[in-house]
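*Asks:* Quick one: the structure is below, and I'll ask about it shortly.
The values are calculated or read from the model by the stated rules, or taken from the named source; none is laboratory data. Source: prediction; values computed, not measured. FYI the Cβ positions are ideal-geometry reconstructions off the backbone, even for glycines, and counts take in every protein chain you see. Accessible surface is based on the protein model in full, side chains and every heavy atom, while ligands, DNA and RNA are left aside. Shrake-Rupley method; radii C 1.70, N 1.55, O 1.52, S 1.80 Å.
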Amino acid sequence: MKKILITAFDPFGGQQKNASLEVLKHLEISSKTYQIHTLILPTIFQTVEDIISAKIDILSPDIIILLGEAGLTKEIRLERVAINIDDARIKDNLGNQPIDLPIKDKGENAYFSTLPIKKIKAALDSINIPSIISNSAGTFVCNHVMYLVLHYLQEKKASNIVAGFIHFPYVESQIKDETTPHLPLKQSVKALETIIEACL
């Protein structure tokens with residue numbers, strides 16, 4: 001039975017909720033064909049590496065799906081690449097705001113997602129859930145954790161583990177009016193279920 005690790009972030013930037021966490025909380029995790037394990041990551045640059053690497057070591061998952069929030073968009077963003085830079089527009093949840101700093105001094109400039117992003121997009125298209133393949137995961141903690149995980153898997157020579165990052169839009173409980181770009185929670189949860197199936 002395949003093991004899938006799905007992570008989400010806690011709220012940040014003064015928000016009360018994080019879309020990735022809301023989606024993960026509402027995911028039906030019982031299955032006879034795979035096991036889902038979840039992990040809530042703090043939106044803190046200095047903390048996430050030890051937490052995620054320890055979880056990978058303990059669990060030895062087959063698939064790692066990292067989730068984050070991309071506000072002011074209505075599409076699910078399937079991230080193609082993580083770059084070796086932290087350049088924070090806002091402070092993280094411990095007040096850190098690294099500017100133009102490498103994530104790993106001797107790390108690769110970039111790592112590519114090993115999730116089947118084209119297959120995922122086709123699956124989402126087939127059920128009319130908007131998505132795009134994104135060539136930038138940003139330079140905040142989302143990119144940071146995507147880079148760290150892919151770097152860690154390369155260092156461990158764990159090419160059998162597929163991993164990547166997916167940004168979800170706001171859900172309806174986060175917006176003040178319908179003009180704010182978002183994706184309804186029900187659709188977002190269905191999207192995550194579809195993503196899992198595509199990865200399998």
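*Asks:* Give the range 151-169 a look and list any residue that's touching a Ser or Thr at 6+ places or on another chain (Cβ under 7 Å) and either open to solvent by 70 Å² or more (accessible area, probe 1.4 Å) or of a type in the set (A, V, I, L, M) (or both), or say none.
*Replies:* Answer for the range 151-169, where residues must be touching a Ser or Thr at 6+ places or on another chain (Cβ under 7 Å) and either open to solvent by 70 Å² or more (accessible area, probe 1.4 Å) or of a type in the set (A, V, I, L, M) (or both): V162, A163.
*Asks:* In the range 41-56, how many residues are in contact with a Phe, Trp or Tyr (Cβ under 8 Å, 6 or more places away or on another chain), over 16 Å from L94 (Cα atoms) and not small (G, A, S)?
*Replies:* 2
*Asks:* Could you grab me the full set of residues in the range 20-30 that are open to solvent by 40 Å² or more (accessible area, probe 1.4 Å) and either touching a residue at least 40 places away in the same chain (Cβ under 8 Å) or not β-branched (V, I, T) (or both)?
*Replies:* So the first thing to find is which residues in the range 20-30 are open to solvent by 40 Å² or more (accessible area, probe 1.4 Å), and the list is 25-26, 28-30.
Correct list: K25, H26, E28, S30.
*Asks:* Please go through the range 154-189 and give me each residue that is in a helix (DSSP H, G or I), under 16 Å from the mean Cα position of the chain (by Cα) and not polar (S, T, N, Q), ordered by number.
*Replies:* If we filter the range 154-189 for residues that are in a helix (DSSP H, G or I), which is where we start, we get 154-155, 172-174, 185-189.
Filter again for under 16 Å from the mean Cα position of the chain (by Cα), leaving 188-189.
V189 - this is the single residue of the range 154-189 that is in a helix (DSSP H, G or I), under 16 Å from the mean Cα position of the chain (by Cα) and not polar (S, T, N, Q).
*Asks:* Return the pairs, sorted by first residue and then second, in which the second residue is outside any helix (DSSP H, G or I) and open to solvent by less than 20 Å² (accessible area, probe 1.4 Å), the first residue lies in the range 42-54 and is farther than 18 Å from I99 by Cβ and in contact (Cβ under 8 Å) with a residue 60 or more places away in the chain, the beta carbons are less than 6 Å apart, and the residues are 6+ apart or on different chains.
*Replies:* V48/L41
*Asks:* Same structure, new question: Condition check: surrounded by 15 or more Cβ atoms within 10 Å (Cβ to Cβ), in contact (Cβ under 8 Å) with a residue 12 or more places away in the chain, part of a helix (DSSP H, G or I) and among the β-branched types (V, I, T). Does I6 satisfy that?
*Replies:* When the stated conditions are applied, I6 does not pass them.
*Asks:* Additional query: Suppose we keep only residues that are among the polar types (S, T, N, Q) and within 28 Å of D177 (Cα to Cα) within the range 39-92. Which one would you say is farthest from the chain's Cα centre (by Cα)?
*Replies:* The initial filter retains those residues of the range 39-92 that are among the polar types (S, T, N, Q), namely 43, 46-47, 53, 60, 73, 84.
From what's left, within 28 Å of D177 (Cα to Cα): 43, 73.
On the way: T43: 12, T73: 15 Å.
So, considering only residues that are among the polar types (S, T, N, Q) and within 28 Å of D177 (Cα to Cα), the one farthest from the chain's Cα centre (by Cα) is T73.
*Asks:* Can you tell me which residues in the range 170-200 are of a type in the set (S, T, Y), buried (at least 17 other Cβ atoms within 10 Å of the Cβ) and out of contact with any Ser or Thr (no Cβ under 8 Å at 6 or more places or on another chain)? Show your work before the answer.
*Replies:* First, pick out the residues of the range 170-200 that are of a type in the set (S, T, Y): 170, 173, 179-180, 188, 194.
Now narrow it down to the ones that are buried (at least 17 other Cβ atoms within 10 Å of the Cβ): 170, 188, 194.
Across the range 170-200, the qualifying residues are S188, T194.
*Asks:* OK, next. Scan the range 1-15 for residues that are modelled with pLDDT of 95 or more, over 9 Å from L67 (Cβ atoms) and not charged (D, E, K, R) and jot them down.
*Replies:* Correct list: I4, L5, P11, F12.
*Asks:* How about the range 33-146: which strands (runs of 3 or more DSSP E) wholly inside it have at least 1 residues that are hydrophobic (A, V, I, L, M, F, W, C), surrounded by 14 or more Cβ atoms within 10 Å (Cβ to Cβ) and at positive phi? Give the steps one after another, and end with the answer.
*Replies:* Working: elements: 34-41, 63-69, 76-79, 81-83, 110-112, 131-134.
Passing ranges: none, list empty.
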